[in-house]
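Structure first, commentary second.
Please treat every number below as a calculation from the coordinates, not as lab data. These numbers come from a predicted model, not from an experiment. So basically every Cβ, Gly included, is an ideal-geometry build from the backbone, and we count neighbours across all protein chains shown.
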Amino acid sequence: MSQYYQTYYTTGEFAKLCHTTKETLFHYDKIGILIPQYIKENGYRYYSSKQYFEFDLIKVLQETKMSLKDIKKFMEERNNQKFIELLEQKYNDLEKEKQKINDMQYRLSQAKEMTEYGMKKPHNIPFIEKCQNEHLFTIKLPDISMTDHDMVKYTSQHLHTCQQLHLTEELPMGTIIEKKGLLLRKYKEKLYYTKISHFIDNPHYLLKKEGTYATILHRGFYDTIEQSYHKLLDFIHENQYEICGDAYEYEIQNYFTSLNLKEYLISISIPIHK
């Protein structure tokens, strides 16, 4: 194959061969990453067939998100060991990128599933449903009443912790209401939570246990949510069930799907037994 390396191409011919532009080749020449094989006295630049493979290497390295500066350094110092180190580094980078994509796909699929759930179920009418185990990552809220400023502060702190722990959390966040408050028809927020994909060994982890839940999908914003709590508690009492745990609030439809607060859909689920 070496005999073919003696073929030379003008900048335009070489650009066409490489499916790129002359401007790209001029830039590579300027920064010293791919310099023409030789330049005639009249200034015409010529590339060799061998340099096609040099260009291909640059293109492959760029696809791994490697900067031109690092590509130039690698090409100037390349050897077997450096090539192996580069491959290992880029493989690990791609694994991290793949995990990010998987995490995002998980979030999107869960958001889609939850939105479809909200579209299929009745609104403002209590019903009984069976729920599977859910993994939650929580943050404890203060006993005092919170302002909007407090709420945003705790939300920001919680989501930042999730990011630091590389958790695949669902959006948006939910709220846990204490059982003792429910029994008194006082709906005190105990915890914020996000759903995560698996168990983690962390004091903020909480398992929402599978079982029977009384649920209502509250149509509207939080300023009217007490009406749905009253309706759900009346339903539980009328059907001779007993509350056996805290309540879980979760936004099924919110700012992701609507500009109108009155179109929010908030799930309220309370574990029950006979």
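Calculated from DSSP H runs of 4 or more alone, at -39500 (n - 2.57) each and per residue, what is the 222 nm mean residue ellipticity of the chain, nearest 500?
My calculation for the chain gives -14000 deg cm²/dmol from helical runs alone.
For a Förster distance of 25 Å, can you work out the FRET efficiency between the beta-carbons of Cys244 and Gln132, rounded to the nearest 0.05?
Plugging the Cβ-Cβ distance into 1/(1 + (r/R0)^6) gives 0.90.
Can you give the relative contact order of the range 145-264 as a percent, counting alpha carbon pairs under 8 Å and 6+ residues apart?
29
Cα atoms only: what Rg and Dmax, in Å, come out for the chain?
For the chain, the Cα radius of gyration and maximum Cα-Cα distance read 29.9, 98 Å.
Quick check on the exposure proxy: order Thr11, Thr24 from fewest to most C-beta atoms within 10 angstrom.
Thr24, Thr11
Take the alpha-carbon positions of the range 2-78, form their convex hull, and give its projected area averaged over all directions (one quarter of the hull surface) in nm².
5.4
Per the Kirkwood definition applied to all pairs of different Cα atoms, how many angstroms is the hydrodynamic radius of the range 62-139?
After inverting the pairwise mean of 1/r, the radius is 17.3 Å.
Out of the range 1-84, which chymotrypsin sites (Phe, Trp or Tyr not before Pro) are coil in DSSP terms and have no more than 11 other C-beta atoms within 10 Å?
Taking the range 1-84 and a limit of 11 other Cβ atoms within 10 Å, the loop chymotrypsin sites (Phe, Trp or Tyr not before Pro) found are Tyr44.
If I stretch the segment between Glu76 and Tyr222 completely, what's the gain in nm (0.36 nm per residue apart, minus their alpha carbon distance), one decimal?
Extra length from Glu76 to Tyr222 when fully extended: 46.3 nm.
Taking the square root of 5 times each eigenvalue of the Cα gyration tensor, what semi-axes in Å does the equivalent ellipsoid of the range 76-117 have, largest first?
After scaling each eigenvalue by five and taking roots: 39, 6, 4 Å.
Between Gln110 and Tyr38, what is the FRET efficiency for a Förster distance of 51 Å, r being their Cβ-Cβ separation, to the nearest 0.05?
About 0.30, to the nearest 0.05.
In the range 109-201, if every C-alpha pair distance is counted and binned at 10 Å from zero, what percent goes to each bin?
Whole-percent P(r) values from 0 Å outward: 13, 37, 37, 12.
After finding the eigenvalues of the alpha carbon gyration tensor for the range 110-273, what semi-axes result from the square roots of 5 times each, listed largest first in whole Å?
Over the Cα atoms of the range 110-273, the semi-axes work out to 23, 18, 17 Å.
Which of the pairs Lys96/Lys208; Lys140/Lys262; Lys65/Lys90; Lys179/Lys274 have their Cα atoms more than 18 Å apart in this structure?
Over 18 Å apart, Cα to Cα: Lys96/Lys208; Lys140/Lys262.
What trypsin sites (Lys or Arg not before Pro) in the range 145-209 are in a loop by DSSP, with at most 11 other Cβ atoms within 10 Å of the Cβ?
Arg185
With every atom except the alpha carbons ignored, what do you get for Rg and Dmax of the range 163-241, in angstroms?
15.0, 46
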